[in-house]
Amino acid sequence: RNEGIDMTHNPEFTSMEFYMAYADYNDLMEIAEEMISGLAKAITGSYLVEYTPLGSEEPIIIDYTPPFKRISMIPELERLMNVTFPPAADLQSESARQFLDDLCVKNNIDCSAPRTSARMIDKMTGDLIEVQCQNPTFIIEQPQLMCPLAKYHRDIPGLTERFELFVATKEIANAYTELNDPFVQRAQFEKQALDKAAGDDEAQMVDENFVTSLEYGLPPTGGFGLGIDRLVMFLTNSYNIKEVLLFPAMKPEDTKNEES
């Protein structure tokens, strides 16, 4: 992972990923609930687990009792900011981008350049929704422009069948119904490539090999990814990811000072 190191990020980490044929994001949410609540109960003997966040002297209680709360991203942002967003299918337009830009300014939400629609919605979600997610919470149905690999929502144009699972305000899992239409997938990649050309490092380029594979065929599929290290942090009351890594990145010893 080509990102920096902090209390909950490490370049080398442990993850669990799988594809499940003939499953969708609803099936994966049920699997996540059963697995994670079951782990909490088996390891600690209770669904109520103490965790002490960084900078806090008092522990909080994380309640892993299923079912977990589910928050639909765009309706929740509309509720919190008392606005009505443009239709999700139009969020890629320049008028929608300007609407989101003005909304960020009005609500003091910092988003560095490039101020694409995807980046600004992501920053809004981080500042307003993720901070609420102390107990396990699914943030669901993200816009298509944020999720190039996720399948479009079966009922709401412009949204996807995706969820991110947060615990103690940190993401531990990401999953979605896989986009298995090669023509739509290519179009999504091309939109991402435009964002990348505008300076968005997290946007993707067109993956020709992946599109070719889809042209051969992919059944309806659910894809799931879980950050094991972060989950272990929360279940063992560890606030630094280095505490649960076998080989964490460390600074070299300062031998010169010792020799002198």
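Cβ-Cβ contacts under 9 Å between residues 6 or more apart (or on different chains), taken from a first residue in segment 81-95 that is on the phi > 0 side of the Ramachandran plot and modelled with pLDDT under 95 to a second residue that is open to solvent by 30 Å² or more (accessible area, probe 1.4 Å) and part of a loop (DSSP other than H, G, I, E, B), are absent.
In the set Ala175, Ala197, which member is small (Gly, Ala, Ser) and in contact (Cβ under 8 Å) with a residue 12 or more places away in the chain?
Result: Ala175 is the single residue among Ala175, Ala197 that is small (Gly, Ala, Ser) and in contact (Cβ under 8 Å) with a residue 12 or more places away in the chain.
Report whether or not Glu57 is farther than 29 Å from Tyr239 by Cα and not small (Gly, Ala, Ser). Criteria not met by Glu57. I'd like the full set of residues that are over 30 Å from Asn180 (Cα atoms), part of a helix (DSSP H, G or I) and in contact with a helix residue (DSSP H, G or I) (Cβ under 9 Å, 6 or more places away or on another chain), limited to segment 231-248. Once the filter is applied, which keeps residues that are over 30 Å from Asn180 (Cα atoms), part of a helix (DSSP H, G or I) and in contact with a helix residue (DSSP H, G or I) (Cβ under 9 Å, 6 or more places away or on another chain), segment 231-248 yields Val232, Met233, Phe234, Leu235, Ile241, Glu243, Val244.
Do the conditions hold for Ala168, that is, is it touching a strand residue (DSSP E or B) at 6+ places or on another chain (Cβ under 8 Å), hydrophobic (A, V, I, L, M, F, W, C), closer than 19 Å to Ala193 by Cα and open to solvent by 10 Å² or more (accessible area, probe 1.4 Å)? No; evaluated as a whole, the condition is false for this residue. Hey, any hits in segment 204-224 for a residue that's closer than 19 Å to Glu171 by Cβ, open to solvent by 60 Å² or more (accessible area, probe 1.4 Å), part of a loop (DSSP other than H, G, I, E, B) and of a type in the set (Asp, Glu)? So far as segment 204-224 goes, no, none of its residues is closer than 19 Å to Glu171 by Cβ, open to solvent by 60 Å² or more (accessible area, probe 1.4 Å), part of a loop (DSSP other than H, G, I, E, B) and of a type in the set (Asp, Glu). Please work out if Ser15 is at pLDDT 95 or above and surrounded by fewer than 16 Cβ atoms within 10 Å (Cβ to Cβ). No, not satisfied. As for segment 45-53, it holds no residue that is open to solvent by less than 60 Å² (accessible area, probe 1.4 Å), touching a helix residue (DSSP H, G or I) at 6+ places or on another chain (Cβ under 9 Å) and among the charged types (D, E, K, R).
Scanning segment 4-32 for residues that are of a type in the set (Val, Ile, Thr) and either out of contact with any helix residue (DSSP H, G or I) (no Cβ under 9 Å at 6 or more places or on another chain) or more than 30 Å from Asn180 (Cβ to Cβ) (or both) yields Ile5, Thr8, Ile31. Is there any pair with a first residue in segment 135-159 that is basic (Lys, Arg) and a second that is surrounded by fewer than 21 Cβ atoms within 10 Å (Cβ to Cβ) and part of a loop (DSSP other than H, G, I, E, B) whose Cβ atoms are under 9 Å apart and which are 6 or more apart or on different chains, and what are they? Listed pairs, sorted by first residue: Lys151/Asp24; Lys151/Asn180; Lys151/Asp181; Lys151/Pro220; Arg154/Asp24. Within segment 80-103, can one find any residue that is surrounded by fewer than 15 Cβ atoms within 10 Å (Cβ to Cβ) and among the basic types (Lys, Arg)? No, there is no match, as no residue in segment 80-103 is surrounded by fewer than 15 Cβ atoms within 10 Å (Cβ to Cβ) and among the basic types (Lys, Arg).
The values are calculated or read from the model by the stated rules, or taken from the named source; none is laboratory data. Since we're looking at a predicted model, the values are computed, not measured. As a convention, Cβ positions derive from the backbone with ideal geometry for all residues, glycine included, and neighbour counts pool all protein chains shown. All accessible areas refer to the heavy atoms of the entire protein, side chains included, with ligands and DNA or RNA removed. Shrake-Rupley method; radii C 1.70, N 1.55, O 1.52, S 1.80 Å.
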